[in-house]
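Every number in this text was worked out from the coordinates using simple rules, so none of it is lab data. A quick note: this is a predicted structure, and the numbers were derived from the prediction, not measured. Note that we place each Cβ from the backbone using ideal geometry, even for glycine, and neighbour counts take in every protein chain shown.
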Amino acid sequence: MPGENLLDADSPLATGAGRHIPQDQALNLGIGRAAYEAALDYAQLRTQGGRRIIEHQAIGAKLAEIAIRLEVVRAAIWQAAWASDHPDAFADRSLPDLPLTTIAAVFASEAIYRAAKDAAECFGAMGVMRDMPLQKYVHDALVCLHSGAGNSDAKLRIAEALARYRRPASAAVLAAE
Amino acid sequence: MDFTLSNEQRSWQMTARKFAEEEIRPISLERDEIVDPRETFDWEIIKKGSKLGFRTMAVPKEWGGHGTDFVTQALVMAELAKADSAISKTFSQCWKWSHLIAAACSEEQKRRFLKPFLEDDTFLLGKGISEPSAGSDNRLPPDDPKAGLKLRAERHGDEWILNGEKCFIANASVGKLFFIDARTDPNAPLKQGTTMFLVPRDTPGFRIGKVFNKSGWRFYQNGEMIFENARVPHANVVGPVNGSDMKAQQAGDRTGGDLFGDLELAANALGVCDDACGMALALARTKKQGGRVLFEQQLVQLKLNRMHLLTEALRSFVMRVAWEHDHKVHSANAGLAMNFSTDVIQEVTELNLDLHAGAGIFDRRADKLARDAIIWSHLAGDSVQRMKATRRLGK
């Protein structure tokens, strides 16, 4: 392997752990959006209790919570995406010195799993049927919760970045594998 | 309150545990993974369980059943569900309607229907309420007569002619006898215009349509029912005409709600949680990362703690509700326990899946438990089921 292929220790790729382009997170957001749009459409079509179900407090508030989660997730992903385009913004302290993509990943996966479950619930029993997409959104969102090394590991990596230390356990795992 | 089990209760629990581990668990995953929803069912397990009494245990002794109390029923449901939630539900679905037969049917109807039910290991029961445009409206009926189920029954002499359809009906494709709610007065609100009928499977004009393809509870059969001039004798009317709300009124239910169904889902969830806790603990004790077992990690300990505290809280709640049912205590607890079981089963199975995924393991059973748990959302824990339980508090 030629020496010039060695990553520069100071390059953004090597130092920017947790600051890569938030591609998987955008995908995760797409799952949430699909679930949300399906639930919003259905809530305006389905009538129970004499009204469209979106007009019931319980369903209205549920859809609002889904919308809140998606908007905040989107903002976190966009910030991480902008940050990966503008590494200098970390240097001049326009951005906090944090692994923003990892942070977006954890928040997105947790918020979107919850949103997908809530969206499926709006469909009643149809939410679990395989000829309907809702159960797939829920299951895909569940997979996102465990993508990579999972959220627990991601949180520990964020903790490392916060205090600029390296966990002895993770070093031992790396050595063993 | 004394939670000590009697010898009889303990004996049922042990029989259920042995049957669950030796007979149900070995077929659980393979049945779950069958693609065609009509093929997931297995008559052999039903016959074996029936011979041990798990199909008929809720029928009163004077009618030839086992006459078990609610505590025993909760124990058995949890033990069976620990091996397979959907198979446990298939058995307990028969108890649910055994309770109804005992409470609401006439002596003549009991003679006609309980006897064959008790004698035939493949005789399963079901009840048809849901329809494509009537789900929540049946659970919390508005006053508008147009709301709620639409299946129509009209009287012609000694017969009733039924027309319409039902959907998602449990045991539809495998049951031999169904309780069917039909509108007998379309101009009255649901509760005042509905009558309950006993409809045997071979009723002319009655057939089963598709079996629904669910993501969880794959073994459990939920099907469509189609009524095209189905002819049901007047002798099969349960209780008074236009008085189908038997569960809460004439049936003598003083427990504040559905006599059995709420407890059923909570007890079933408990079994699934026990399985998830067992899996997670076994994984944490054996799987090593970086030379140490997972159990030594703080985050793993915190997750195991959460799983067990929720499961034990659910166990206490389930046993208390079962005890209250046995003592005819009026409360909203059964509904609340059912709602709570939704939160518990979903969080506990998600944590179990999380622990396995965190260890780099895709475990098919952990995935199955999480898929089964999602079923609770619409059956036990949606906002309608929660408001229904709350309304009992408000009474």
(message) Just to be sure I understand the rule: take each whole DSSP H helix in chain A, project its Cα atoms onto its long axis, keep it if the span is 24 Å or more and its mean Kyte-Doolittle hydropathy is at least 0.0. Which ones pass?
(response) A:57-85, A:100-121
(request) Identify which of B:VAL344, B:VAL241, B:VAL211 has the largest mean-square fluctuation in a Gaussian network model of chain B, with springs joining Cα atoms closer than 10 Å. (result) B:VAL241
(request) Rank B:GLY290, B:GLY148, B:GLY360 by mean-square fluctuation in a GNM of chain B with C-alpha springs under 10 angstrom and give only the top-ranked residue. (result) B:GLY290
(request) Can you tell me the relative contact order of the stretch A:68-120? Whole percent, Cα pairs under 8 Å, sequence separation 6 or more. (result) 49 percent
(request) Post the alpha-carbon centroid distance, the stretch B:10-67 to the stretch B:288-310, in whole angstrom. (result) 34 Å
(message) For chain B, take N as its residue count and report Rg(C-alpha) divided by 2.2 N^0.38 Å.
(response) 1.00
(request) Determine the alpha carbon to alpha carbon distance for each of B:LYS146/B:LYS166; A:LYS136/B:LYS127; A:LYS62/B:LYS303 and list only those over 20 Å. (result) A:LYS136/B:LYS127; A:LYS62/B:LYS303
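Taking every residue in A:127-133, how many Cβ atoms of other protein chains lie within 10 Å of its Cβ, on average?
What the average comes to for A:127-133 is 6.
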(message) Amide H of B:GLU131 versus every other amide H placed in the peptide plane: which residues, excluding those fewer than 5 positions away on the same chain, fall under 5 Å?
(response) B:CYS167
(message) Can you sort B:MET225, B:MET14 from fewest to most other Cβ atoms within 10 Å of each residue's own Cβ?
(response) B:MET14, B:MET225
(request) Pick out which of B:LYS61, B:LYS127, B:LYS96 has the largest mean-square fluctuation in a Gaussian network model of chain B, springs linking Cα atoms closer than 10 Å. (result) B:LYS61
(request) Measure out, as a whole number of angstrom, how far apart the alpha-carbon centroids of the stretch B:370-395 and the stretch A:35-64 sit. (result) 17 Å
(message) Restricting to Cα pairs below 8 Å that are 6+ residues apart, what does the relative contact order work out to for chain B? Please round to a whole percent.
(response) 17 percent
(request) Taking amide H positions as placed in the peptide plane 1.01 Å from N, state which residues far from B:GLY209 in sequence (5 or more) or on other chains have amide H under 5 Å from it. (result) B:GLU224, B:MET225, B:ILE226
(request) Just subtract the alpha-carbon distance of B:ASP343 and B:VAL35 from 0.36 nm times their residue separation and send over the number in nm, one decimal. (result) 108.1 nm
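For the stretch B:152-225, what does the relative contact order come out to in percent, with C-alpha contacts under 8 Å and a separation of six or more?
Rounded, it is 37 percent for the stretch B:152-225.
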(request) May I ask for the distance between the Cα centers of the stretch A:117-143 and the stretch B:260-276, given as a whole number of Å? (result) 22 Å
(message) Checking understanding here: applying a Kyte-Doolittle mean of at least -1.0 and a length along the axis of at least 24 Å (C-alpha), which whole DSSP H helices in chain B pass?
(response) B:85-104, B:261-286, B:298-326, B:333-358
(request) Pull up all non-local amide H partners of B:LEU177: gap of 5 or more, or a different chain, and H-to-H distance under 5 Å with H placed in the peptide plane. (result) B:LEU124, B:GLY126, B:ARG201
(message) Through the Karplus equation 6.51 cos²θ - 1.76 cosθ + 1.60, θ set to phi - 60°, convert the phi angles of the stretch B:201-213 into ³J(HN,Hα) values in whole Hz; use x for Gly and Pro.
(response) 4, 8, 4, x, x, 10, 9, 9, x, 6, 9, 6, 9
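Would you compute, from DSSP H runs of 4+ residues alone, the mean residue ellipticity of the protein assembly as shown at 222 nm, taking -39500 (n - 2.57) per run and dividing by the full residue count, rounded to the nearest 500?
After summing the helix terms and dividing by the residues of the protein assembly as shown, the value is -17500 deg cm²/dmol.
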